[in-house]
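What follows is one structure encoded as structure tokens, with my remarks underneath.
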Amino acid sequence: MKKMNHSNPCKQVRNRQGLWASLKERACRHLADHIATCPRCQKRLALVNRVELAMSLVKSQQHNLDLLARANAKAIGVLKHSLRNTPKTEQLRHSKPDCHWIERKRPVIERLLNIAACLFVVMMIRMGVTSLLTNVQTKGKTALHNYYARNLDSGLVNEIFPDDTAHV
């Protein structure tokens, strides 16, 4: 006799190939064939897919901390007038989620990081341009010194370039 494993009955039902599985497969095939040929059902399916896509986009986007209060305010707007003015609904209207201190300070932190990044870029540009200009100036002086040293008297070269030890 076969021993039954009763620890996971859902797995047994899923693995059972019987009348229900064949009916389910035929229904799925019939539905897919119908959707392929029916323009009305295609439009409905497209609308459902748009809603599903919109919901997934809503989940993936960051929201302000007042999202809970705005959602509660919209839900309260659906209630009867007698329920809208109760103290509990006022609490709901102004409720905000508990969040980490980093989330509360995120705008300030982002501004500070942007300022720091801008200052870093400015400093790098300033240092890079200054060192580049200094390098060009040094090489230019060296080239002029070498040119005059080849074509002029050494006395004139020492007059034009008094500290010739740096350019040799």
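So is ASN135 modelled with pLDDT of 85 or more, within 30 Å of PHE161 (Cβ to Cβ) and of a type outside the set (Val, Ile, Thr) or not? It is true that ASN135 is modelled with pLDDT of 85 or more, within 30 Å of PHE161 (Cβ to Cβ) and of a type outside the set (Val, Ile, Thr). When ASP98 is tested against (1) of a type outside the set (S, T, N, Q); (2) loosely packed, with under 11 Cβ neighbours inside 10 Å; (3) part of a helix (DSSP H, G or I), just one condition goes unmet, and that condition is (3). Between THR142, THR134, THR130, which is part of a helix (DSSP H, G or I), at negative phi and touching a residue at least 24 places away in the same chain (Cβ under 8 Å)? THR142 is the lone residue from the list that is part of a helix (DSSP H, G or I), at negative phi and touching a residue at least 24 places away in the same chain (Cβ under 8 Å).
Among the residues here, ASP66 does not qualify as of a type in the set (Asp, Glu), surrounded by 10 or more Cβ atoms within 10 Å (Cβ to Cβ) and modelled with pLDDT of 80 or more.
The values are calculated or read from the model by the stated rules, or taken from the named source; none is laboratory data. All values reported here derive from a predicted model rather than from experimental measurement. We place every Cβ from the backbone using ideal geometry, glycine too, and count neighbours over all the protein chains shown.
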